[in-house]
Every structure is written in C-alpha cells, then in structure tokens.
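What follows is a single structure, written as structure tokens, with notes after it.
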C-alpha cells in the first residue's frame with residue numbers, strides 16, 4: 001500500500017523511479033549529477049523564483065500572498081503595528097472562520113472581526129466575513145496560482161494540488177512579510193510522493209492521506225521537507241480529491257507540498273473564473289529526491305486514525321475485526337496522552353460485537369469540500385441516522401459550495417436523513433463546535449484528533465475522543481445509525497455531480513481594497529484587544545527555573561496552549577496566557593508567574609531575592625563560582641522541558657504565552673516542527689536542546705539552571721553552551737545545552753528580546 005525508500009532516488013520524466021546513478025546515465029545517455037538533478041524538482045524551481053538571497057542554500061523567501069484567520073490576525077497586525085506597519089505590501093486576506101462562539105460571553109468575537117475589517121480598509125487588505133468560507137477554501141477558490149507561494153498563519157496552509165507552494169507558520173513570520181522582510185530557511189529536502197493506480201469505489205482523500213501519515217509521521221521521513229506529488233496515479237484523482245489529500249500533509253510535519261498539474265487543475269481554475277492562474281508543473285527529465293514514498297492507490301482501503309493522533313492509523317476493517325485489541329491499545333496510549341487525569345475507556349463502545357460511535361462530523365478545510373459532501377449525500381440518501389445518541393453534522397467549507405449543494409439537492413438528501421447542515425466554520429477542528437458528551441466517541445473528516453481538540457476539558461473531569469475518517473465512511477456509519485462502517489461496504493451509485501462556482505456571494509459580501517490603503521480609517525479596538533507587554537532584551541546571564549516537565553513522546557501546541565474556548569482571549573496576550581498548559585500541567589501558570597516576580601523586581605531596581613525567597617540559597621551557590629553576578633547583569637525567568645514539543649498548530653500563542661509569563665527558553669530533545677521553533681525564536685525564547693535521555697535528566701521540575709554568559713554565547717554563535725543545575729541541597733551540576741542552527745537575524749531577534757524589539761531597533 002505504502003512503501004518508503006531508504007535512500008534518495010531519481011525520477012525520470014516524472015514517472016520512472018531509478019535508484020542507481022549509473023542506470024540514470026544509461027537511460028538518459030548523459031552524466032547527471034545529484035546536485036544538478038536536485039534542481040529539477042518543482043519545489044526547487046518555485047523556491048528559486050521566490051528567493052532573494054542569491055544563495056540557494058540559504059533562502060530568503062518573499063511570498064506572493066498572505067492569509068490569516070481570526071484566531072491569529074489580531075495578534076499579527078498588533079505586532080506589525082508595534083513594529084512600524086504602514087500598509088500591507090502584498091495581498092493579505094483576513095478570514096473569520098474561527099469565530100469561537102465566545103464561551104465567556106460578551107462582544108469579544110465581533111470586536112475582533114471589526115478590528116479586522118477596519119485594518120483591511122486602513123492597510124489595504126481583504127476581509128472575508130464570518131460563515132462565508134473557511135480560510136483554506138477561500139484561498140483555493142480566490143488566491144492560489146500556479147508557481148506562486150502563499151504564507152498563512154494556520155498550519156494547514158497547503159495548496160500544492162493547485163500548483164501553489166504554501167506554508168503555515170506562526171504570526172511573526174507573516175509580520176516579517178508585512179514589513180517587507182523575508183522568510184529565512186535553509187534549502188529544504190524534497191521527498192517524492194509517488195502515486196500509482198487509482199482509488200477503489202468508496203475510498204476518499206482522507207483515506208489516502210491517513211495512509212501516508214501513518215507511514216511517515218513516526219519516523220520523521222518527511223519532517224521539515226517538501227512533499228512533491230508525482231506519478232501516474234495523480235491523473236486518476238479529481239481536483240477535490242487531490243486537495244483533500246494535500247491539506248492533510250501538515251500532519252506528516254512536512255514543510256510544504258507541491259503537485260504536478262494537468263488539465264484537471266486547469267479546469268478547476270476555469271470553473272472559478274481564474275484560468276490565467278493555471279500553470280503546468282512537472283519535474284524535469286531527471287530529478288533527484290531525498291526520498292520517495294510509493295503509494296499504490298488501488299490497495300488503499302477506508303482508514304481510521306484512532307485517538308489521539310492522525311498517525312494512529314488502522315483500516316476500518318482491521319478495527320472491526322479486532323475490536324477489543326485495538327480499543328485496548330488506544331486505552332493504553334491514552335494513559336500517556338492524558339496522564340491518567342481522567343478515567344478513559346472505549347470498551348463500552350462495543351455493542352453487540354460492533355463499534356458504536358456517538359457523533360459524525362464532516363467539516364472544515366479537509367472535509368467540507370463539494371465532492372466529499374456530495375458523496376456523503378449519495379450514501380445516506382433514503383436512509384436515516386436514527387433517534388438514539390448518534391448525531392451527524394456537515395459544514396460545507398464555503399458559501400459557494402453550500403449554495404451549489406442546495407441547488408443540486410444534496411443538502412435536502414442530508415437533512416432528510418437527520419443530518420444538521422451548518423455554515424462554513426472551523427469549530428469542530430479546534431474544539432469550539434459540536435463538542436461531544438463526556439466519554440463520547442466522534443468520527444470526523446477534519447484535520448486533527450489531539451486530546452481535547454473536540455472541546456472537552458480534562459481539568460473539569462471531561463473527556464471525549466475523536467477518530468479521523470473520510471466523509472464517505474462517516475456517511476456510511478451514519479447510514480448504519482452510528483455503527484462503524486467503511487464506505488466500501490455500501491452498495492452506492494455515486495452521481496459525480498458537477499460543481500458550478502458562483503462568485504457573486506463573494507463579490508457582494510467580501511471587502512476587497514484592491515490593494516489600496518486608506519490611512520484615514522480609524523481602527524476599531526474592542527475592550528479585549530490589548531497591546532503586547534514590553535519585553536526585555538536578553539541579559540548577559542540567565543537563571544532559569546524549570547516550571548514544567550513533560551515526558552510524552554510528542555507534545556502538541558494544543559497542549560501548550562489549548563484551542564477552543566480559550567480563543568475568546570486571542571487578542572489579549574495576558575488573558576490568553578492564563579490558559580497556557582492548562583490541560584497538560586495546570587500548575588504551570590502559577591509557577592511561571594511566581595518566577596516572573598523576580599524578573600519584575602530586577603526591572604524595578606529591586607532585589608529579586610526579596611520577592612522570591614527561594615532564590616537566596618541559589619544565589620549563594622552561584623556566587624561561589626561567579627561572584628560578579630548581580631541584578632544588573634542577570635535575568636531570571638522560567639523554562640519548560642518537553643521531549644519533542646511543537647507538533648500541531650502554527651498558532652504562535654504556544655510560544656508567546658510562555659514569553660509573557662516570563663519564559664526565556666524551552667529545553668527539548670528535539671522540536672517537532674520548524675514553525676514552533678521559529679515561534680520561540682521570534683518571541684525571544686532560546687530553543688535549547690539537550691542530548692540527555694529524558695528519563696535520566698540532570699535536572700527536574702523545580703530546579704534552577706544557571707546559564708552564564710548566554711548573551712556572549714549567542715553573539716559568538718557558540719554551538720554548545722555550558723550551564724549549571726542548581727538544585728535544592730544538591731551539588732552544582734554542569735550540563736550542555738545547544739541552540740541549533742540559527743540565522744544572523746534570528747540571533748539578533750533573541751538578543752533584542754523579541755521580533756517587536758528587533759524592528760523597533
């Protein structure tokens with residue numbers, strides 16, 4: 001089904017896989033060096049077109065367009081304003097698909113939207129009102145273009161199927177683009193995703209995506225690399241199918257994606273009235289890839305990603321055949337994910353030897369596409385979801401899609417069966433819509449199934465869980481009144497209805513400045529919209545207290561700062577920070593604030609040990625070796641340890657919340673994604689790594705770590721930094737920390753204390 005090559009390969013004419021360079025010479029009749037062949041990938045060519053550095057090993061990228069949603073755009077624009085923003089220099093689209101339903105009440109949600117609308121007017125942007133489209137569907141319909149690059153502040157910014165290299169990063173990277181700066185990275189590796197065959201009836205894009213995620217996530221095969229989709233199987237897939245696979249590439253932890261394009265994609269652009277944006281893309285005659293994932297589409301069967309990660313994949317047939325064993329395995333994994341905070345069981349979902357689920361959801365950028373919903377309607381037509389616990393909701397990804405589904409009768413078929421059809425909203429994707437009951441099990445065609453992603457709260461004793469499936473199998477499950485069913489088990493004639501895009505709804509409702517800024521517009525600030533607090537520059541020496549210690553194999557950004565109702569505070573840095581690690585380590589915020597008192601005392605010219613008594617023996621220990629250390633040359637803050645933090649969302653709040661609570665660093669064995677590490681740096685936090693085994697660390701929660709001459713170490717680009725553990729009543733212990741590769745600009749950002757300070761000078 002899926003095979004990973006253990007070394008780099010050559011691809012000849014976009015179809016023939018060759019592993020031996022001598023065979024390449026024989027087949028092409030010429031010498032082909034690896035270095036030259038690496039320039040023949042689609043990714044290399046697009047990156048070269050957008051690179052401003054003149055050095056393809058050290059890229060400085062300028063993007064064609066930017067896009068954000070309402071969880072992120074307030075913070076981004078506030079950061080840019082504080083850094084000198086005058087106008088949006090390139091098209092910047094502000095969507096409102098994360099309107100959080102405001103669990104705290106009040107006007108917060110709409111206040112943020114009015115902030116966005118007035119900023120689009122003032123600075124020359126585009127504003128998409130709530131319920132019109134989820135961020136990525138609008139981008140597909142109105143922004144994507146062949147050979148172009150788009151940067152978004154959402155991790156699922158992926159439009160590779162349309163010939164657009166898109167990347168999801170934290171807000172500060174968009175700020176750089178808004179200030180006419182660049183996105184700086186090393187040239188990434190490129191891995192071919194070779195598609196062969198064609199899907200069988202009932203298999204959808206989520207099935208293919210989950211199969212790829214399952215094969216690549218755990219081993220990091222495509223981590224921070226570009227996934228390049230090639231091979232004869234591409235032509236067997238519709239545009240919607242390709243898009244559905246493409247959007248899920250984020251869950252492999254790749255950097256970006258790009259696909260070969262053909263007449264199918266040309267037709268997509270024609271349908272949307274943008275044929276001029278089409279560009280044929282193919283790799284060169286002999287292209288070299290750092291790896292290759294071979295996918296036989298014909299062998300893929302309906303898949304399910306069991307809680308609590310998209311990589312926890314099985315075929316649905318496997319689950320149904322081995323119910324007790326699979327559910328037990330998930331329960332065992334849950335002990336790690338949930339830290340034993342609540343009682344968790346799935347065994348009670350077995351009813352008469354079958355798996356019963358309480359909820360089905362098709363939603364968002366992954367599930368809410370036209371073909372997915374049409375297929376779901378075909379499956380459930382004439383059937384009923386029943387009157388028991390099972391519920392079924394469908395969220396079309398944009399109003400134009402919704403309109404067409406109304407016109408062609410699909411919505412009627414769904415509603416007659418008992419389905420609730422809602423407007424374009426990302427709520428089920430981030431825990432702010434259709435939250436299941438306690439201990440309920442939901443199957444969803446959405447992007448993620450991390451713990452609490454569905455909206456439950458461990459700290460309140462609540463737990464529900466999500467499994468990811470394709471829309472077709474969710475509809476099959478709904479047709480069987482909640483009993484898990486693969487779509488391949490249904491005898492269905494899919495109608496294959498044609499899509500007609502009506503852009504009038506956007507023309508009538510979307511504000512488009514056409515790039516014209518109006519400085520006279522006054523920005524509307526709701527009372528919850530707050531400026532970023534002042535942040536100090538990196539001191540000469542650092543004293544860090546470890547205030548949280550996480551030993552999960554991977555820590556998601558949702559665990560670092562939960563999504564869902566917390567986004568009601570998205571425009572209030574200090575208000576949002578109160579939720580940091582709240583579902584993983586509820587004591588973190590209090591511990592961090594306690595340490596922050598010492599730093600605030602230093603800033604006020606007071607003695608830190610007078611406000612934090614535990615510092616006195618620590619400072620005595622430090623003075624034994626470093627008598628010169630005092631308030632004028634010392635910074636005091638907090639740090640956390642996690643084995644592999646940063647999988648998941650691009651939201652920079654996972655880093656900024658730590659920063660505004662006095663965080664100066666993270667310590668990890670490795671970082672799950674580039675975007676989380678970049679977020680740390682952009683907020684002035686040191687991305688330390690340690691090679692110590694996480695089960696036998698030299699430090700523990702509550703210890704202090706003294707890092708002398710840290711400022712000098714950053715300035716001098718030292719690869720290894722000596723630090724010392726100062727534990728209560730313990731001997732002074734030397735440890736080695738590393739900062740990893742950083743650009744000169746990134747080092748300067750850390751020295752200045754954050755990106756805002758960097759641009760202020």
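The values are calculated or read from the model by the stated rules, or taken from the named source; none is laboratory data. Computed from a predicted model, the values in this text were never measured in an experiment. Here Cβ is always computed from backbone atoms with ideal geometry, including for glycine, and neighbour counts include all displayed protein chains.
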- Looking at residue 618, is it surrounded by fewer than 21 Cβ atoms within 10 Å (Cβ to Cβ), assigned by TED's automatic domain parsing to the domain that holds residue 750, in contact with a helix residue (DSSP H, G or I) (Cβ under 9 Å, 6 or more places away or on another chain) and over 24 Å from residue 537 (Cβ atoms)? no
- Message: Looking only at residues that are surrounded by fewer than 13 Cβ atoms within 10 Å (Cβ to Cβ) and assigned to a loop (DSSP other than H, G, I, E, B) in the stretch 697-729, which one is modelled with the lowest pLDDT?
- Response: 728
- Message: Can you go through 481, 498, 457 and tell me which one is more than 26 Å from residue 245 (Cα to Cα) and either more than 25 Å from the chain's Cα centre (by Cα) or free of Cβ contacts under 8 Å to residues at least 40 places away in the same chain (or both)?
- Response: 481
- Note on the structure: Of the residues in the stretch 415-436, those that are out of contact with any helix residue (DSSP H, G or I) (no Cβ under 9 Å at 6 or more places or on another chain) and crowded, with 22+ Cβ neighbours inside 10 Å come to 436
- Item | Enumeration of residues in the stretch 693-712 that are out of contact with any helix residue (DSSP H, G or I) (no Cβ under 8 Å at 6 or more places or on another chain) and farther than 21 Å from residue 621 by Cβ | 693, 694, 695, 696, 712
- Message: Please go through the stretch 271-291 and give me each residue that is out of contact with any helix residue (DSSP H, G or I) (no Cβ under 6 Å at 6 or more places or on another chain) and either surrounded by fewer than 24 Cβ atoms within 10 Å (Cβ to Cβ) or at positive phi (or both), ordered by number.
- Response: 271, 273, 274, 276, 279, 280, 282, 284, 285, 290, 291
- Check residue 131 against each of (1) closer than 29 Å to residue 506 by Cβ; (2) outside the structural domain of residue 94 (by TED's automatic domain parsing) and name the one condition it does not meet. (2)
- From the list 449, 439, which residue is in contact with a helix residue (DSSP H, G or I) (Cβ under 9 Å, 6 or more places away or on another chain), under 28 Å from residue 315 (Cβ atoms) and in a loop (DSSP other than H, G, I, E, B)? 439
- Can you tell which of 298, 256 is in contact with a strand residue (DSSP E or B) (Cβ under 7 Å, 6 or more places away or on another chain) and either surrounded by fewer than 24 Cβ atoms within 10 Å (Cβ to Cβ) or at pLDDT 95 or above (or both)? 256
- Note on the structure: Picking from 629, 602, 622, the residue that is farther than 23 Å from residue 679 by Cα, assigned to a loop (DSSP other than H, G, I, E, B) and touching a strand residue (DSSP E or B) at 6+ places or on another chain (Cβ under 7 Å) would be 629
- residue 379 passes all but one of the listed conditions (1) in contact with a strand residue (DSSP E or B) (Cβ under 7 Å, 6 or more places away or on another chain); (2) closer than 11 Å to residue 478 by Cβ; (3) crowded, with 24+ Cβ neighbours inside 10 Å; the exception is number (1)
- Query: On the given criteria, is residue 534 under 30 Å from residue 318 (Cβ atoms) and surrounded by fewer than 19 Cβ atoms within 10 Å (Cβ to Cβ)?
  - Reply: no
- Task: State yes or no: is residue 673 more than 26 Å from residue 573 (Cα to Cα) and in contact with a strand residue (DSSP E or B) (Cβ under 6 Å, 6 or more places away or on another chain)?
- Result: no
